Structure formats: structure tokens, C-alpha cells
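Each remark here refers to the structure printed beneath this line.
What follows is calculated from the coordinates using simple rules that are stated; it is not laboratory data. None of the values given here were measured: they were computed from a predicted structure. Cβ atoms come from the backbone with ideal geometry, glycine included; neighbour counts cover every protein chain shown.
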């Protein structure tokens with residue numbers, strides 16, 4: 001049997017078209033499957049994203065629910081506080097109305113009391129004025145010297161044996177003889193004694209100059225132990241007490257805080273001038289030679305002589321102690337009267 005030729009072999013068989021169609025369909029289906037798988041993967045990714053968003057949103061919702069619950073609780077608390085404040089406000093309004101009513105009543109009572117007190121004060125002042133004109137001696141703490149009316153407006157302050165201070169008309173004896181005899185009349189005092197007995201406010205109104213007030217305070221320190229800061233020293237023989245210029249300078253700086261040392265030196269001389277003037281020269285200034293660190297210098301001291309006549313004060317008896325006599329002799333030899341104007345050159349400290 002003869003073998004087929006090449007032409008015969010190349011001729012299509014009846015099954016070849018069907019196989020080609022199936023291959024194309026298979027390729028199409030494979031492409032379709034790959035496309036679906038890709039879309040499915042994208043959808044899975046999208047689902048995962050959505051699930052994450054859902055979880056996040058659920059967390060936010062839980063937080064908001066919790067915050068809403070907190071705000072509701074806070075709102076309830078604030079509403080309760082508001083109600084309490086409203087009740088307190090109503091109570092305070094009622095209390096305020098009551099207090100205003102009471103204040104109005106008390107103002108009326110006070111005005112009436114003041115008017116009555118003023119009328120009583122006028123009556124008392126008139127009665128005291130009449131009693132003073134009759135010669136009565138009235139305790140100073142019971143008398144308003146500015147309210148009483150006496151002839152020529154003259155009132156004299158005196159002290160009696162009982163140690164109390166009284167007001168009277170000048171040279172009028174007490175017909176009832178209360179308090180004992182008059183020991184010292186205010187008008188008999190030296191100006192410096194009068195200033196020393198005043199309080200700071202009255203002294204400031206009576207003396208504008210600082211050296212004058214310092215002189216009064218210095219005298220008060222000498223006579224009143226309650227003052228405490230006393231620069232005076234005890235003298236001997238013919239000197240009762242004395243204060244040196246340097247001690248006076250330090251005392252001034254302690255008494256008037258804030259004063260510089262240079263200004264204090266100037267105040268020393270001015271204060272000494274005031275002491276001499278206000279004591280009517282019962283005090284004196286002496287210069288004494290001192291020695292310090294091998295150097296000799298002269299320093300002023302204000303002295304109260306034993307023979308000085310000071311109202312209300314007895315002269316100091318002569319010292320009998322031998323030590324005092326020796327010191328007195330030394331003072332007499334070293335002290336010289338200071339007749340010149342006080343200066344600050346010898347103020348040491």
C-alpha cells in the first residue's frame with residue numbers, strides 16, 4: 001500500500017477546528033479566573049480595611065458613650081449644686097434683709113445714744129466748769145480740758161500728795177481738801193518737764209522741731225525708769241547726773257531709726273541747745289579731757305549740777321564714798337566750763 005504524501009499529511013483533519021476552539025475557550029476561562037481572583041483579593045483587602053474601621057469606630061463609640069455618661073453625671077451634680085446655691089442664696093437674702101432691718105434699728109439706737117452722750121457730755125462739762133469756778137480740784141482723767149469753760153480759759157495742772165494729777169483754776173484751794181496738799185503745780189514745772197510728761201502725739205503737736213522733742217525724750221529717760229533706754233550716768237559730788245556727747249549721739253540714732261551718723265552729730269548740738277533752753281539753764285555743759293587708745297581728746301558732757309533747782313526734785317546729797325570722792329576730784333580737775341556755742345567736733349563714738 002503506498003505511503004501518504006506530504007500534501008496529504010498537511011491537509012486539515014476534521015477534528016482540528018474543534019481543538020482550537022477549545023484551547024481559546026480554555027485560555028479565556030483562565031484569564032477570567034485570574035481576573036476574578038485578583039478582584040477577590042482586592043475585596044478581601046477592602047473587607048479587612050472596613051473591619052479595622054469598624055473596630056476603630058466601635059472604640060470611639062464606646063469612648064463617647066463613657067464620656068456622655070460622665071457628662072450626664074456631672075450635669076446632675078451641677079444641677080444639685082445649683083439647687084443648693086439657690087437655696088443658700090434665698091437664705092442669705094432673707095438673712096440680709098433681717099440684718100439690714102437690725103442695722104437700721106441699731107443706727108437709730110446709736111444716733112440716739114450719741115445724741116444723749118453728747119448732751120450728757122455738755123452737762124458734765126458745764127457741771128465741771130461750775131465746780132472748777134467754785135474751787136474744786138478734779139482728776140485729769142475725768143476732765144476734757146477742751147470742753148470745760150472757765151474764766152479766761154485758764155486751767156492749771158497740779159499734783160497732790162496722793163500722787164494723782166488734778167485740774168484747778170490757778171491758785172484755787174480745794175474746799176474739800178481731797179488728795180492732800182498740792183505738791184507741784186503744772187505751771188511750776190520747767191518747760192522741759194512739761195514736754196517730758198506729754199505723750200508722743202501731744203509732744204509732736206506742741207513741738208515741731210526734732211531737737212526739742214529729743215531733748216524732752218532725753219529728760220524723760222532720766223526721770224522715768226519705764227522708758228528703758230537711759231544714756232544718763234550717775235555723777236559724783238557736785239554733779240547729780242551727766243550724759244556725754246558721744247553717748248547722746250548713739251542714743252539719738254537708737255531713738256530715731258534711719259538717722260545717719262553725720263546728721264546725728266548735728267542733732268547732738270541742737271539737742272544740747274534745746275536742753276539748756278528748756279531747762280532754763282538748770283543744766284550745764286562741761287568739757288572733759290579723755291584718753292583713748294593712747295590719744296587725748298576733749299569731749300563735751302551735759303551735766304545736772306547738784307545745786308540746780310529742779311521743781312519736784314530734791315538736790316542730791318554729797319557722796320561720802322571715798323571712791324566717789326576720788327572720781328569727783330578727777331572730774332573737777334579735768335572738766336572745764338563750756339561757754340562757747342556747742343559744736344560737733346568733739347562728738348566721739
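Side notes on the structure shown:
- Alpha-carbon centroid distance for the pair region 226-250 / region 188-224, whole angstrom: 17
- Each part gets one Cα centre, and for region 117-143 versus region 148-167 those centres are 12 Å apart.
- The Cα atoms of region 114-154 cover 30, 20, 16 Å along the three principal axes, with the biggest extent listed first.
- Across region 175-305, counting alpha-carbon atoms alone, Rg and Dmax equal 16.6, 67 Å.
- A Förster radius of 35 Å, combined with the Cβ-Cβ distance separating residue 145 from residue 108, puts the computed FRET efficiency at roughly 0.60.
- Whether region 29-123 is rounded, prolate or oblate, judged on the alpha carbon gyration tensor where a/c under 1.5 counts as rounded: prolate
- Rough spin-label spacing in nm, given labels placed 7 Å along Cα→Cβ, for residue 101 and residue 125: 3.9
- Simple label model, 7 Å out from Cα along Cβ direction - residue 48 to residue 165, nm: 10.6
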